[in-house]
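Just below is one structure, and these are the notes that go with it.
Values in this text are rule-based calculations from the coordinates and carry no lab data. Because the structure is predicted, anything quoted here is derived from the model rather than measured. Positions of Cβ are generated from backbone atoms using ideal geometry, with glycine treated the same way; all protein chains shown enter the neighbour counts.
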Amino acid sequence: MDYLWETLPFLLILVILLACFIMPLFARWKKEVAPYITLVTIVITFGISIVLAYRVAGGEVISYAVAGWPPPWGIEILIDELSAMMLVLLTASSLFIAIFSFHSLHTEIPDQATGWYYTLYLLTLAAMMGLVISNDLFNVYVMVEVVGIGACGMVVAKGEKLSTEATLRYLMLATLGSGFLLFGIGFLYQITGNLNFAYVAAELARVHDQYPFLIWATMSFFTVGMGVKAALFPMHIWLPDAHSSAPSPSSAMLSGLVVKVYIVTLIKLYFVVFGFELFTETYMRYLVLFLASGAILGGSFFAFVQLDLKRRLAYSTVAQIGYIFLGFGLGTVWGITAGLLHIIIHALMKVCLFLSAGAIYYQTGNKKVTHFSGLGYKMPIVMASFTIASLSMVGIPLFGGFITKYGLALGSLEANNPYFIILIVLSGLLNAAYYFPIIWQAYFTSGHDITMTMDAVPKTMLVPIVLMAVGIIYMGIFPGDILFFLEHFVVRFL
Amino acid sequence: MELSMLWVNYPYVISIILFSMGCLCILTQHNLIKKVIGINIMETGIFLFYVAVGNIKGGVPPIYDPNLPEGILYVNPLVDVLILTGIVVSFSVTAFALAIIVKLYYFYGTVYAPNIIRMR
């Protein structure tokens, strides 16, 4: 029993991979069982993540040497505060998305693919969890590739012209990104002779004066490689097509979770491997700050002109990624903590919004934002959740988005750079400019003969949306615990 | 920093050239198959870089042999193992990309990207 307790971090991924590899059997012969197996697997991993997060909250940093080889030689799994938070977020969100896909999946992807879709779903989830807990550079590369291929598969599963085309573009750019990442890892191995994060960091701290150009090159390779995958502003061109043409559960997964794990990895590379001093000395911090500002403004402007709801949400993701990077670029305790908190809150908001878009499409078949008039009375529950998530996006107090905007504003004051407050307020207004017309149409343009009907979508689709909305409000009112939890992680590296 | 260093470490130079060629291929070629070839050229450049990192001049393969003289240098086997994984990944990405291109060919009847965009 003690042995099982020790191997808990490894079991986390093993359980999902096991379910993932037996899934093709069911996909072939008993398709209707596949969603239930997915659900059970994710519930088990959710339980394990909660236990791990509880242990981490008790002040423990869980380290596990895979196959019994200690760190400099073997692969190490390390669960710190950030990883624990990401584990809980990943399992909880993907649980809700899996529940949503129960009765909606067969309307969006071909019938014979539904069983196989869950294989991809679990594979992507397992790789994402592996990515956030791994403490080894090459393991990171392998997991990044698995996430990339799994995510591409989840887009192409729809089997339409547009999604196939978007997948090819995504795959090409993702491969380009992981090529840069692999080259950067090669540079780091050449400099330090180690692959473990902690050992590389210790070695880098000793020798970084000898290789100024090589370290600069490595850092820019990592920024470009992961920036392409995380859709940092000028490298976001694959995102809108891929996220808007995918089936709704995939869109929610891609926009809410997949993009985030790359950011978490990048932040670990920046702060754990290179350290904050090198991050500033190589001017990479200012580059990140510059790109993030571009992302916030550019993403919002592009979102403003889109008429397709899912495309608008996809461009909004580009802008929100900018907020997360803005926090890192500010480089103060409040800024980075707010950036990390925004990873959670944006995941909640985007999953809620994309699932709502899926539910709206399921009931009405509407994709254009100009056809939503009176929708607030046809599907009141979905539109209420959509409204909550939109208000949170804009940054109204009492909703989650406000907390990160407030934190970022405090961070920019801490960094003696109050101009960024103007940027934050401006982008809040831009968000309002493209979210409020949808809400206005849904509630106030239906004329006089209003008849209220309840949503005609299955309950399995309503429950995840409502729970996500509740999560947003909870984060807006009681953010203290999680902020404190994340601050522990941040102050260790500043 | 003398230029002769470039000549001595020529595998690095070649790997950088291959990597840049591959990147350029992916980003500028219009033919989708050529883009996939670009991916492979890029990854080959990276593999060459890794193998060059592990190589030691005058080193022998890392297999223990009691007949070898004392103090002989072994080539670093770790990077080769890493690259084995890299080759598998590159192979699967190539297979996946080609499968998607076949699907696109069924939809549009061409693998030339501008034609596909025009037909959309």
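So for A:I473, A:I185, fewest C-beta neighbours within 10 Å to most, what's the order?
Lowest to highest Cβ neighbour count: A:I473, A:I185.
Note down the magnitude of the dipole of chain A about its Cα centre, charges +1 on Lys and Arg C-beta and -1 on Asp and Glu C-beta and zero elsewhere, to the nearest 20 debye. Intermediate values should be presented prior to the final figure.
Values: 22 positive and 24 negative charges, 233 e Å.
That gives a dipole near 1120 debye.
Looking only at B:K57, B:K103, B:K34, which one moves most when chain B is put into a Gaussian network model with springs between Cα atoms under 10 Å?
Maximum among the listed residues: B:K57.
Using alpha-carbon positions, what is the distance between the centroids of region A:404-469 and region A:302-363, in Å?
After rounding, the separation between the Cα centres reads 10 Å.
Once you average over the residues of A:132-141, how many Cβ atoms of partner chains fall within 10 Å of each Cβ?
Shielding by partners across A:132-141 averages 1.
Nothing charged except the Cβ atoms of Lys and Arg (+1) and of Asp and Glu (-1): what's the magnitude of the dipole of region A:307-494 about its Cα centre? Round to the nearest 20 debye.
Once rounded to the nearest 20, the dipole reads 440 debye.
Using a Förster distance of 51 Å, how high is the FRET efficiency between A:M454 and A:Y286, based on the Cβ-Cβ distance and rounded to 0.05?
It comes out at approximately 0.45.
Among A:C352, B:C25, what is the fewest-to-most ranking by other Cβ atoms within 10 Å?
Ranked by crowding around the Cβ, least crowded first: B:C25, A:C352.
Would any residue of region A:107-139 have its amide N under 17 Å from a label point 7 Å out along Cα→Cβ of A:W29? List them or say none.
Residues A:115-116 qualify, since their backbone N sits under 17 Å from the label point.
Starting at 0 and stepping by 20 Å, how many percent of the alpha carbon pairs of chain A end up in each bin?
25, 59, 16, 1
For the peptides A:402-414, A:117-129, A:169-181, A:455-467, what is the packing order when you average, over each peptide's residues, the other Cβ atoms within 10 Å and list the highest mean first?
Answer by packing, highest mean first, reads A:117-129, A:169-181, A:402-414, A:455-467.
Can you compute the helix-only [θ] at 222 nm over the protein assembly as shown? Use -39500 (n - 2.57) per DSSP H run of at least 4 residues, normalise by all residues, nearest 500 deg cm²/dmol. Don't jump to the answer; show the numbers that get you there.
Details: 27 runs with 463 residues, N = 614.
So the calculated ellipticity at 222 nm is -25500 deg cm²/dmol.
Rounded if a/c is under 1.5, else prolate if a/b is larger than b/c, else oblate: which is region B:1-72, with a ≥ b ≥ c the root eigenvalues of its Cα gyration tensor?
oblate
Please compute the average number of Cβ atoms from other chains found within 10 Å of each residue's Cβ in peptide A:180-191.
The shielding value for this peptide is 5.
Compare the Cα positions of B:L68, B:L84, B:Y106 along the charge dipole of chain B (+1 at Cβ of Lys, Arg; -1 at Cβ of Asp, Glu; about the Cα centre) and return the one farthest towards the positive end.
My answer, from the dipole projection, is B:Y106.
What number comes out for the charge environment of A:G159, summing +1 per Lys or Arg and -1 per Asp or Glu over other residues with Cβ under 14 Å away? Write out the running numbers ahead of the final one.
Values: positive: A:K158, A:K161, B:K103; negative: A:E108, A:D111, A:E160, A:E165.
In short, -1.
Using the 10 angstrom Cβ neighbour count as an exposure proxy, how do A:L214, A:L423 rank, fewest first?
Ranking A:L214, A:L423 by Cβ neighbours within 10 Å, fewest first, gives A:L214, A:L423.
If you count, for every residue in B:78-88, the Cβ atoms of partner chains within 10 Å of its Cβ, what is the mean? Write down the numbers at each step before the final one.
Values: counts 5, 4, 0, 1, 9, 2, 0, 5, 8, 0, 2.
So the per-residue partner count for this stretch is 3.
Tell me the relative contact order for chain A as a rounded percent, counting alpha carbon contacts under 8 Å between residues six or more apart.
Relative CO of chain A lands at 14 percent.
On alpha carbon coordinates alone, what is the Rg over Rh value for region A:307-494, Rh being the Kirkwood radius? Could you put the intermediate results ahead of the total?
Numbers: Rg = 17.5 Å, Rh = 17.1 Å.
For region A:307-494, the value is 1.02.
Under the definition of Cα pairs under 8 Å and six or more residues apart, what whole-number percent is the relative contact order of region A:337-494?
Averaging sequence separation for qualifying contacts and normalising by length gives 41 percent for region A:337-494.
With Cβ to Cβ distances under 14 Å as the rule, what net charge do the other residues near A:S248 carry (K, R +1; D, E -1)?
Surrounding charge for A:S248 is +2.
Quick one: if the Förster radius is 45 Å, what FRET efficiency do A:N366 and B:M21 give, using the C-beta to C-beta distance and rounding to 0.05?
Result of the calculation: an efficiency of 0.45.
Given a 10 angstrom Cα cut-off, can you work out which residue in B:N31, B:N67, B:N40 is the most mobile in a GNM of chain B?
Greatest mean-square fluctuation among the candidates belongs to B:N67.
Can you spot the aspartates and glutamates whose alpha carbon is less than 13 Å from A:K31's alpha carbon? Ignore those fewer than 8 places along the same chain.
Within the straight-line limit of under 13 Å, A:K31 reaches these aspartates and glutamates: A:D111.
Any idea how many Lys pairs in region A:307-494 come in under 21 angstrom at the alpha carbon, given 8 or more places apart or on separate chains?
Taking region A:307-494 as the scope, the lysine pair count is 11.
Can you tell me how region B:4-119 classifies by the Cα gyration tensor, rounded, prolate or oblate, using a/c under 1.5 as the rounded cut?
oblate
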